[in-house]
Amino acid sequence: MGHALHEAFRVLNPGGCVLDIRPYFPVSQGNRRDARQQVFCQVEKEEIHVGTLARDYVDFHFADRVLAEAVRDQRFVVNCREVIRFRYYHDSLATFDLYRADKWDKAHMSVSDRRHLERTMLRHPATVIRVELPVQFRVLTKV
Amino acid sequence: MKGVRVDPERREMRLLKRHVPFAGARVLDIGCGDGRLSNRIRNWVHSIVGIDLSERDLRRAHGRKLLDDVAKFAVADASRLPFQDRSFDLALFSWSL
């Protein structure tokens, strides 16, 4: 991220912008369960929280630090910042597992959470699996 | 991927529309992956160049059949961008670290 941001600064026109969209796992929240990716089963209008996907957050913390330094060094100014809940919907356990293997291969689900998910899917076969994660959205302008 | 819906509420798109100056912009999508975001914004911008180190993801981006005159994709290293100084208006880091 450090070199890439330096290169982005170089190829941007004066007044150009960087748009940074990333999962938001600030260092202040550590590995808190409520700050991870959350997994729900949606059974019609009811939602059942079945567990979390945890991962190593070092890369995210490093990226946060790099961007903070770029702002402190007055290479960029922050125009706006928002955090949203980004959602994925999986129609089956099979698609959830495939997507995990492809996109979230670094994320870990505990054995007890996995059992909870499987039991819920067995009880409610028409369940949609919803995964939510906090995503930070920032626009920075080149000074 | 079939059976998976990503942000169907389009919260991301609403934020982008509200805060990002896309109109007429020359955009560099750094770590574009399979071109998901490039695909979503292609109608709002002048041009997009997506780069990624993963050839597999770039094949997926090409599979989205983006307009060739607007979007181009290439294998490139973000730490040594093969572009001249001051050649873009907007750089995207979308889920890239």
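Residues A:MET121, B:MET1 ordered from highest to lowest accessible area at a 1.4 Å probe: B:MET1, A:MET121.
By the equivalent-ellipsoid construction on the alpha carbon gyration tensor, chain A comes out with semi-axes of 36, 15, 13 Å, ordered largest to smallest.
Across the protein chains, with a 1.4 Å probe defining accessible surface, the residues A:HIS3, B:HIS62 rank A:HIS3, B:HIS62 from largest area downward. The figure for A:ARG36 is an accessible area of roughly 40 square angstrom, using a 1.4 Å probe on the protein chains alone. Each Lys and Arg contributes +1 and each Asp and Glu -1, all at the Cβ; summed about the Cα centre of the protein assembly as shown, the dipole is approximately 380 debye. Solvent-accessible surface (1.4 Å probe) assigned to A:SER110 amounts to roughly 40 Å².
Only Lys, Arg, Asp and Glu carry charge here, each on its Cβ (+1 for the first two, -1 for the last two); on that basis chain A has a dipole of about 200 debye about its Cα centre.
Which length gain, in nm to one decimal place, applies between A:ASN79 and A:LEU122 when the Cα-Cα distance is subtracted from 0.36 nm times their residue separation? Write out the running numbers ahead of the final one.
Values: separation 43, 0.36 × 43 = 15.48 nm, distance 4.73 nm.
Extending this stretch completely gives an extra 10.8 nm.
Nonpolar atom fraction for the protein assembly as shown, defined as the carbon and sulfur part of the 1.4 Å probe accessible area, stands at 51 percent.
Which lysines, on any chain, are close to B:LYS2 with Cα under 29 Å apart, when same-chain ones fewer than 8 places away are left out? Leaving aside lysines fewer than 8 places away in the same chain, those within reach of B:LYS2 are A:LYS45, A:LYS103, A:LYS106, B:LYS17, B:LYS65, B:LYS72.
Buried accessible surface for the B/A pair, both sides summed and rounded to the nearest 100, is 3700 Å² with a 1.4 Å probe. Measuring nothing but how far apart in sequence close Cα pairs (under 8 Å, 6+ apart) lie, relative to its length, the range A:2-142 scores a relative contact order of 44 percent. Which angle between 0 and 90 degrees, to the nearest 10, do you get for helix A:58-72 versus the longest principal axis of chain A when only C-alpha atoms count? Taking Cα atoms only, the helix is inclined about 30 degrees. In the full protein context, the protein assembly as shown carries 51 Å² of accessible surface per residue, based on a 1.4 Å probe and ignoring ligands, DNA and RNA. Per residue, the average separation of C-alpha pairs within less than 8 Å and at least 6 apart gives chain B a relative contact order of 33 percent. Under the shape rule built on the C-alpha gyration tensor, where the axes satisfy a ≥ b ≥ c, the protein assembly as shown is prolate, since a/c reaches at least 1.5 and a/b is greater than b/c.
The values are calculated or read from the model by the stated rules, or taken from the named source; none is laboratory data. None of these values were measured; they are calculated from a predicted model. All Cβ positions, glycine included, derive from the backbone under ideal geometry; neighbour counts span all protein chains shown. Surface accessibility is based on the protein's heavy atoms, side chains included, excluding ligands, DNA and RNA. Shrake-Rupley method; radii C 1.70, N 1.55, O 1.52, S 1.80 Å.
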